[in-house]
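Peer 1: Sharing a structure here in structure tokens format.
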Amino acid sequence: MVYKEKDAQLEDNRSTAYTFLGVGIAGLIFVILFALDIIKLPMADYMRVIMIVVMSVLFVIFLGIGITSLVRARRTKALVTQEHELSDEVITWIEENITNDLINSYFDPEDSEENNYFTVHSRLCEIVSENFPFFPKEYIDELMDERYNAFCEGNGSEQE
């Protein structure tokens, strides 16, 4: 599972809310105009009633989804600042403690590059998780990927 930062979740919730609210409101306006015979479509009376009922229910559901997404966005907004502060703390700790020497100490020159990656990555994730047990494991995984890639880019010729 890939970690999704609170900023991205907030943006997703906002765009979902605005989209569903817009479609829901526009749809209900259409239904009202259709029900008042301002917008005319050629169809039988019983089909007209069914269409009004079904479309009304559909667009009310859209409004509900939009409102729910707005509420979720407000809740997520409060978590964004907390996540940034904790992320900064974890990233600073990683920069200070997950050194190239530490990463090198987990390498086995006899092992394949892929196995080394999995071994080193797993161990680094464990170290960070021990120091930050409540930090999301998926986010730690992502940060360790970035750290390991930076290590490989800086030491690529040494590992080949």
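Peer 1: Dipole magnitude of the chain about its Cα centre, charges +1 at Lys/Arg Cβ and -1 at Asp/Glu Cβ only, in debye to the nearest 20?
Peer 2: Here the chain has a charge dipole of around 2120 debye.
Peer 1: Give a residue-ordered list of calculated ³J(HN,Hα) values for region 73-90 (Karplus: 6.51 cos²θ - 1.76 cosθ + 1.60, θ = phi - 60°; whole Hz; x for Gly, Pro).
Peer 2: Coupling constants for region 73-90: 5, 5, 5, 5, 4, 5, 7, 4, 4, 4, 5, 4, 4, 5, 4, 4, 5, 5 Hz.
Peer 1: Tally up the carbon and sulfur contribution to the accessible surface of the chain as a whole percent, 1.4 Å probe, everything protein left in place.
Peer 2: C and S fraction of accessible area: 60 percent.
Peer 1: Give the accessible surface of the chain per residue, rounded to a whole number of Å², with probe radius 1.4 Å and ligands, DNA and RNA excluded.
Peer 2: 65
Peer 1: Given R₀ = 45 Å, what would the calculated FRET efficiency be for Asn97 paired with Val71, taking r from the Cβ atoms and rounding to 0.05?
Peer 2: Taking R0 as 45 Å, the efficiency between Asn97 and Val71 is 0.70.
Peer 1: Putting +1 on Lys and Arg Cβ atoms and -1 on Asp and Glu Cβ atoms, find which of Asn97, Asn116, Val53 reaches farthest to the positive end of the dipole of the chain.
Peer 2: Comparing the listed Cα positions along the dipole, Val53 ranks first.
The values are calculated or read from the model by the stated rules, or taken from the named source; none is laboratory data. Worth saying up front: this structure is predicted, and the values here are computed from it rather than measured. For neighbour counting, all protein chains shown are included, and Cβ atoms are generated from backbone atoms with ideal geometry for every residue, glycine included. Please note that ligands, DNA and RNA were not included when accessible areas were found on the heavy atoms of the full protein model with its side chains. Shrake-Rupley method; radii C 1.70, N 1.55, O 1.52, S 1.80 Å.
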